[in-house]
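Coordinate-derived values only; no laboratory data. This structure is a prediction, so every number in the text was calculated from the model and none was measured. Every residue, glycine as well, gets a Cβ built from its backbone with ideal geometry; the counts of neighbours run over all protein chains shown.
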Amino acid sequence: MRFFEPIRDRKYRLSLVEQVVEALEEAIRQQLLRPGMPMPSVRKFAKTHDLSTFTVSAAYSRLVAQNWLIARPGSGYRVAAAGRREPVGASPVSAWAPPKIGASWLLADVFADHSIPIKSGCGWLPGEWLNEAGLSQALRQVSRTSPKQLAGYGHPYGYFPLREHIQQSLEHHGLQVGSDQVLLTQGATQGLDIVIRTLFRPGDVVLAEFPGYANLLETMRLAGLRVLSVPRNQDGLCIRTLEEQVARHKVKAVFVNTVLQNPTGASLSMNNAFRILQLAEQYGYTVIEDDVSRDLLPGIGPMLVAMGGTARVIYVSGFSKSIMPSMRVGYIVANAELLKEFAKTKMTLGLTTPEMMERTVYEVLRQGRHQAHLRRVQERLREAHEELATLMDSHGFEVYSRPQAGLFLWARPAGQWRERGSAKLAELALKDGIWLAPGSYFDPGQADTGWIRFNVAYSLHRALWAFMRKAGATA
C-alpha cells in the first residue's frame, strides 16, 4: 500500500522524514492503520515509496517517540493501542515540565533525564541505531563466563584480550605499540581525567580548542589548570595562534580532538596535523589526542600518535560513540613508562575498571560484524547531515562546516538570537521539550556567540524547526 507521494522539492515546507510521519499519522487517524496492525518493514516501505531506509527508519523512530507506533525487537513495528496515543492536535509534551538549564544539568542530570522528547543537543547515537543483535550475542557470550574467572578485581591495565585487540587495530593506522602501552579506562572522559591528574598541577598552562569538548574544559577547571584557548578552524587548530601561545607561555600540553571534532564536526587536515607535531618538537609540549569519534569517520584521517609516536603524543579513545553510550570502556595509549604512572592514578581513583563491560566490548569487536554495522551507521549519518544542512540553509542558519560524517553540525541561527545568545534560546526551547546545546558550553571562556551544537541524528524533528520559526531564529 502506498500512503503518500513524496515531494522532493527542497523548497517544500516538509522534509521527506516529516512527510512520512505526517502521512502515517493521518493513516492512523483515518483507521487505515488500526491499533495492533503490523507496519510494513523499513525496507519494504522504503522500496514502495522510493525512499532511503534511513528516511523511513527516522520517521518510524519519531512515531514511536510520539506513541503512534510501538517497536518490538525481532518483530518490527506495530500501530500503538489507541490509549497510548495523544489526542489529535495535542502536544506530546503537554504535561511535561522543563528542567532548569545550567552547568549541573548539562554535565550530569541530562544523562539521566528521559523526559525531554527532542534531544537535539545530546552526544550519542539513537538507541535504534545500535547493533542490537551484536550486543545481545556479546552479552550472552559473557554470561557464560564462569563466576570464578570474574571473582577478582582484574588486571590494573584492563582485560588483556581487549587491549591486544586495540593494539592490533592501531597497527592498521601505522602505529606499533605493545600491550603494556594500552590502559583501559571507564570511557575516554575518565582517560582524559587520568592524564590530567597524573601530568599536571594547579597553575600549569595548557591549551584547549575553542570551541572544544565541554566535559574536558570542566575537568581542567576542577584541576586548577590555567586554560588558554586556540581557535578551531575548518582544517584544524589556528596555527598562528598556537605558535603565539606556546612562544609566549610555558605550555605543558595541547589537547586536540582529531577527527569529527566535538562540537564542530570538523577534522584536522594532514598539513595542520603535521604543523601541530612540528611545533610540539620545537617548543617541547605534549600533545593529548582525543580521538573518540574515529569509528564514525568513513575513509581515513590523520592520527597524531601514528604520525608523531608515543614519545610526544598521548592517545585517548573509547567505544561509547560506536558501540553504546552506557558501555563505558575507553583507553589510553602512551609510552610504557608513562602508562605505569597512569595505571597508578587509575588504581588510586577507583581501582580497576569493570571487566564485564570490557569483555562485552571485546565480544562485539571479535564477532566480525562490527565493521559492517559501522558502515551502516556512517551512511545513516551522511544522509542525516545532508537533510539537516538543507533544513538549515532553508531557515537561514550559518553552518560552520559540512563534514558529511559524525554526530555533529555546528551552526547558529539568523536574526535576534545572534545578539541575544544561544543559551537564552536553549532555555526557551526546553519549555517546548527541546534540548539544545548552546555554544557557551563549549567555550573555555564560556562566551555566548550564538553558536549551537546539533546532533544530526536527533535534529530532523519537525517540532524542532517549528520551534525555530516560532522563536524567530530564522532569516
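Computed from the alpha carbon atoms alone, the convex hull of segment 148-268 holds 138 Å³ per residue. Among beta bridges from DSSP that stay inside the chain, the antiparallel ones total about 55%. Residues ARG197, ARG369 in ascending order of nearby Cβ atoms (within 10 Å, fewest first): ARG369, ARG197. Panel order for HIS155, HIS370, by other beta carbons found within 10 Å of each beta carbon, from fewest to most: HIS155, HIS370. Note on the chain: Rg/Rh from C-alpha atoms, Kirkwood Rh, equals 0.98.
Per-residue ellipticity at 222 nm from helix content only, as computed over the chain with -39500 (n - 2.57) for each DSSP H run of at least four residues, stands at -12000 deg cm²/dmol. Expressed as a fraction of 2.2 N^0.38 Å, the C-alpha radius of gyration for segment 136-366 is 1.00. Placing +1 on the Cβ of every Lys and Arg and -1 on the Cβ of every Asp and Glu, with nothing else charged, gives segment 153-303 a dipole about its Cα centre of roughly 500 debye. Around the amide H of ALA266, modelled in the peptide plane, lie the amide H atoms of GLN261, all under 5 Å away and 5 or more residues distant in sequence or on another chain.
Inter-part distance, segment 25-73 to segment 174-249, computed on C-alpha centroids, equals 45 Å. Listed by Cβ neighbour count within 10 Å, with the fewest neighbours leading, ARG226, ARG163 appear as ARG226, ARG163. The relative contact order of the chain, computed from alpha carbon pairs under 8 Å that lie at least 6 residues apart in sequence, is 19 percent.
For segment 342-475, the Stokes-Einstein estimate of translational diffusion at 25 °C and a viscosity of 0.890 mPa s comes to 142 µm²/s, using the Kirkwood hydrodynamic radius over alpha-carbon pairs. Toward the positive end of the charge dipole of the chain, with +1 on the Cβ of Lys and Arg and -1 on the Cβ of Asp and Glu, the farthest Cα among ASN257, PRO444, TRP124 is that of TRP124. For the chain, a crude dipole built from +1 on the beta carbon of Lys and Arg and -1 on the beta carbon of Asp and Glu, taken about the Cα centre, is about 880 debye to the nearest 20. Amide H to amide H distances under 5 Å link ASN233 with CYS238, where only residues 5 or more positions off or on other chains count and H is placed in the peptide plane.
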